[in-house]
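Every number in this text was worked out from the coordinates using simple rules, so none of it is lab data. Note that the coordinates shown come from a computational prediction; the quantities given were computed from them, not determined experimentally. A quick note on method: Cβ atoms are made from the backbone with ideal geometry, for glycine too, and the neighbour counts reach across all protein chains shown.
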Amino acid sequence: MLNPITMVDITAAELHAAEKIFGDRLELAKRYVEHLATSGTERGLIGPREVPRLWSRHVLNCAVIESVIAHGSHVADVGSGAGLPGLCLAIARPDLELTLIEPLERRVIWLQEVVDDLGLDNVTVMRTRAELAVGNVEADVVTARAVSALTNLAGLTIPLLGGHGEVVAIKGRSAGEEIDKAAKTIRKLGGEDTSVLTVGDNLLEEPTTVVRIVVNKSQKKS
Ligand SMILES: C[S@@+](CC[C@H](N)C(=O)[O-])C[C@H]1O[C@@H](n2cnc3c(N)ncnc32)[C@H](O)[C@@H]1O
């Protein structure tokens with residue numbers, strides 16, 4: 001059983017952003033942050049030095065990408081780790097169906113425990129590598145953060161879309177350069193349009209940079 005016991009500080013600005021993003025599910029988000037700060041650090045899913053910035057650098061930074069995901073989408077989160085961004089999206093958006101793809105057993109066990117504790121009925125945790133999930137997962141949107149450089153990430157994410165859809169990858173300042181390097185691979189895999197978006201600039205001190213790849217593999221159309 002997970003037993004959150006510490007309170008993680010949240011500034012007034014972060015609380016304002018969290019209220020906007022999570023609405024009446026803010027208590028679930030707070031409980032998730034407590035899990036990250038306690039069992040998440042104890043079991044090595046998140047570094048202890050990250051605890052003071054769990055809200056700003058991790059949970060809010062991830063959760064704001066909900067604004068670019070269409071209502072009712074099936075979202076596969078590749079390399080979910082401690083649920084970033086997958087669990088943030090599942091909490092913020094109960095209309096979404098989340099599949100968290102993570103190969104490491106101890107992370108999968110922790111993710112499932114948190115999902116059960118929060119009572120999230122829109123999440124499936126899959127213990128596998130993204131490459132091996134192709135054919136078993138057909139998502140509308142594939143998300144990822146801190147998994148791989150875009151050239152490799154394109155190969156891990158685009159095949160999980162059912163022919164059409166979007167990859168939404170959280171990236172840093174090097175997003176533009178990564179797109180340049182990955183352009184050929186993305187096109188080969190069916191990427192039609194790749195762009196850099198900034199999300200959360202009205203809510204966060206440091207907005208989130210996202211690479212969005214719109215995919216249309218016409219040969220896969222039924
Ligand atoms: C640096 S962690 C990032 C975790 C989380 N997304 C975050 O932002 O905190 C990278 C994660 O990707 C997972 N991973 C690595 N290769 C993968 C693959 N081929 N398919 C799925 N997950 C993978 C690792 O097990 C790890 O949990």
Subject >> Angle in degrees between helix 26-35 and the longest Cα principal axis of the chain, rounded to the nearest 10 >> reply: 80
Original post:
Dipole of the chain (Lys/Arg Cβ +1, Asp/Glu Cβ -1, origin at the Cα centre): which of A76, G190, V33 lies farthest to the positive side?
Top reply: G190
**OP:** Let me have the 222 nm mean residue ellipticity of the chain computed from DSSP H runs of 4+ only, each contributing -39500 (n - 2.57), with the sum over all residues rounded to the nearest 500.
**Re:** -9000 deg cm²/dmol
**OP:** Equivalent ellipsoid semi-axes for segment 80-207, as square roots of 5 times the alpha carbon gyration tensor eigenvalues: give them largest first, rounded to whole Å.
**Re:** 24, 19, 13
**OP:** Sort 9-21, 111-123 for me by packing, meaning the mean count of neighbouring Cβ atoms within 10 Å per residue, highest on top.
**Re:** 111-123, 9-21
**OP:** Identify which of D77, D180, D140 has the largest mean-square fluctuation in a Gaussian network model of the chain, with springs joining Cα atoms closer than 10 Å.
**Re:** D180
**OP:** Can you tell me the 0 to 90 degree angle between the C-alpha axis of helix 12-22 and the longest principal axis of the chain, rounded to 10?
**Re:** 60
Original post:
What order do you get for 42-49, 141-148, 167-174 when each peptide is scored by the mean count of other beta carbon atoms within 10 Å, highest first?
Top reply: 141-148, 167-174, 42-49
Original post:
Nearest-5 percent of antiparallel DSSP beta bridges in the chain?
Top reply: 45
**OP:** About the Cα centre of segment 157-222, how large is the charge dipole given +1 on each Lys and Arg Cβ and -1 on each Asp and Glu Cβ? Please answer in debye to the nearest 20.
**Re:** 560
Original post:
Given charges of +1 on the Cβ of Lys and Arg and -1 on the Cβ of Asp and Glu, with all other atoms neutral, how large is the dipole of the chain about its Cα centre, in debye to the nearest 20?
Top reply: 800
**OP:** Would you mind checking which residues have amide H under 5 Å from E192's amide H? H placed 1.01 Å from N; only 5 or more apart, or other chain.
**Re:** V214, V215, N216
